[in-house]
Amino acid sequence: MSARLGTAASHPTPAQVKIAGKLAQGLSTAKAAAELGLSEGTVAIQMSHGNRRVGVRHRHALIHACYVTEQLPRPEPDAPPPGGVDDVETKILWCLALDGTYIEIAQHAGLSHDAMKKRIRALRKRWGAENDPHLITLGWKFTVLDASHGTGGHQVA
């Protein structure tokens, strides 16, 4: 996976961070919009702009960047649920966090595209994650993810 450089700002706006926080909790675009009194289109556009500011392509990578830069409060560490996380799942989580595409993640994890998607679905189910941004939050909570590798958009000093 190649790192992409963010813009000069390199951080999402406070409004974008507020929306990202809702998505990090597992809310869908529609539910986040409803809770924040915004339209779904506004949420989608704000997340797209936030991604560009950070230099990432995906919401899950934006969530990770917000945790790395401490713009979102990091989840309190907790032990993972039964079954923990294996080496392949750890690779998948890090690739998601660092903005890998599903094809890049499959290659890095040594899996077929379909096998990788099945592993993500199984991990979501086991951990109770609603979506990939929520999976990133749980990765931080279960101490699989941290700030050690920076973000997908730029490296944090």
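The values are calculated or read from the model by the stated rules, or taken from the named source; none is laboratory data. Note that the structure is a prediction, hence the values are computed from the model and not measured. Please note: Cβ atoms are built from the backbone with ideal geometry, for glycine as well, and neighbour counts cover all protein chains shown. Note: areas computed on protein heavy atoms with side chains; ligands, DNA, RNA excluded. Shrake-Rupley method; radii C 1.70, N 1.55, O 1.52, S 1.80 Å.
Some points to look at:
- Scanning the range 28-44 for residues that are part of a helix (DSSP H, G or I) and open to solvent by 20 Å² or more (accessible area, probe 1.4 Å) gives THR29, ALA30, LYS31, ALA34, GLU35, LEU36, GLU40, GLY41, THR42, ALA44.
- Number of the exception - GLN16 against (1) at pLDDT 95 or above; (2) open to solvent by less than 40 Å² (accessible area, probe 1.4 Å); (3) part of a loop (DSSP other than H, G, I, E, B); (4) polar (S, T, N, Q): (3)
- If you check LEU145, LEU96 for being within 12 Å of ILE63 (Cβ to Cβ) and either in contact (Cβ under 8 Å) with a residue 60 or more places away in the chain or hydroxyl-bearing (Ser, Thr, Tyr) (or both), only one passes: LEU145.
Residue by residue, here is whether (1) modelled with pLDDT of 95 or more; (2) within 25 Å of ALA122 (Cβ to Cβ); (3) hydrophobic (A, V, I, L, M, F, W, C) holds:
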position: SER28; (1), (2), (3): yes, yes, no
position: ALA33; (1), (2), (3): yes, no, yes
position: SER39; (1), (2), (3): yes, no, no
position: HIS49; (1), (2), (3): yes, no, no
position: ARG59; (1), (2), (3): yes, yes, no
position: CYS66; (1), (2), (3): yes, no, yes
position: PRO73; (1), (2), (3): yes, no, no
position: GLY83; (1), (2), (3): no, yes, no
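- Those helices (runs of 4 or more DSSP H) lying entirely in the range 45-152 with at least 3 residues open to solvent by less than 10 Å² (accessible area, probe 1.4 Å) and in contact with a His (Cβ under 9 Å, 6 or more places away or on another chain): 59-68, 87-97, 132-141
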